[in-house]
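Written below as structure tokens is the structure these notes are about.
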Amino acid sequence: MVKGHVSAILLLALSSLCLAKDAAGKQSGRKPEVKKVQTLSRGWGDSLDWSQTYEEALSKARTTNKPLLVINHREDCPHSQALKKAFAEHKGIQKLAEKFILLNVIHDPTDKNLLLDGQYVPKLVIVDPSMVVRADLPGKYSNHRYTYEPTDMDVLFDNMKKSLVLLKTEL
């Protein structure tokens with residue numbers, strides 16, 4: 001019986017200590033740690049609407065008559081990370097991207113039309129609503145035509161604007 005009382009007293013003491021620590025944390029204004037939820041944007045533009053799959057993005061492009069911007073990248077690639085930062089910080093691109101269906105993928109595409117000039121990352125490809133890959137809107141590099149460097153955001157911005165103009169004149 002004494003062991004039972006000692007266990008109960010010990011349990012009460014530990015519970016009181018835990019409650020006291022919790023109350024002290026609240027009084028000191030410390031906020032509990034909140035884990036950041038991984039969004040579909042993966043940091044490319046958290047305020048933008050991103051598609052989850054390539055099939056979903058193609059369907060949205062057809063039904064909304066908007067071009068699709070596919071960003072193929074890797075989380076562990078320093079070039080992809082640098083491009084993501086530049087893309088997310090470019091106010092013009094972030095605003096113009098609202099007129100696109102957006103998809104970013106961290107795996108190789110299954111659609112052979114997206115391979116174009118090989119498998120490499122980062123690669124940004126524009127697909128118009130008629131499901132035509134805009135091979136006529138490359139970046140500025142001849143060996144990897146659809147890659148962009150962080151310093152190339154104005155080239156990407158211009159290509160995005162051109163795709164919207166072509167959309168109006170061709171469809």
Please indicate, with yes or no, whether at least one residue in the range 80-93 is loosely packed, with under 13 Cβ neighbours inside 10 Å, within 20 Å of residue 42 (Cα to Cα) and at pLDDT below 95. no
If residue 110 satisfies every condition in (1) open to solvent by 60 Å² or more (accessible area, probe 1.4 Å); (2) in contact (Cβ under 8 Å) with a residue 60 or more places away in the chain but one, which is the exception? (2)
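Could you check the range 149-171 and list, in sequence order, the residues that are polar (S, T, N, Q) and more than 14 Å from residue 99 (Cα to Cα)?
151, 169
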Consider residue 159 carefully, then state whether it is under 22 Å from the mean Cα position of the chain (by Cα), part of a helix (DSSP H, G or I) and buried (at least 17 other Cβ atoms within 10 Å of the Cβ). yes
Just checking, which of 146, 120 is without any contact (Cβ under 8 Å) to a residue 40 or more places away in the chain and surrounded by fewer than 18 Cβ atoms within 10 Å (Cβ to Cβ)? 120
Taking interchain pairs and intrachain pairs at least six residues apart, which have beta carbon atoms under 7 angstrom, with the first residue in the range 44-69 and farther than 10 Å from residue 103 by Cα and the second among the hydroxyl-bearing types (Ser, Thr, Tyr)? 46/39; 48/41; 60/51; 67/163
Counted residues, the range 149-171 - those being in contact with a Lys or Arg (Cβ under 9 Å, 6 or more places away or on another chain), of a type in the set (A, V, I, L, M) and touching a residue at least 40 places away in the same chain (Cβ under 8 Å): 3
Please give the helices (runs of 4 or more DSSP H) falling wholly within the range 44-151 in which 3 or more residues are under 16 Å from residue 163 (Cα atoms). 54-64, 91-96
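The values are calculated or read from the model by the stated rules, or taken from the named source; none is laboratory data. Quick caveat: nothing in here was measured; it's all calculated off a predicted structure. All Cβ positions, even for glycine, are placed from backbone atoms using ideal geometry, and neighbour counts span all protein chains on display. For the accessible areas, the whole protein counts, side chains as well, though only heavy atoms, and no ligand, DNA or RNA atoms are used. Shrake-Rupley method; radii C 1.70, N 1.55, O 1.52, S 1.80 Å.
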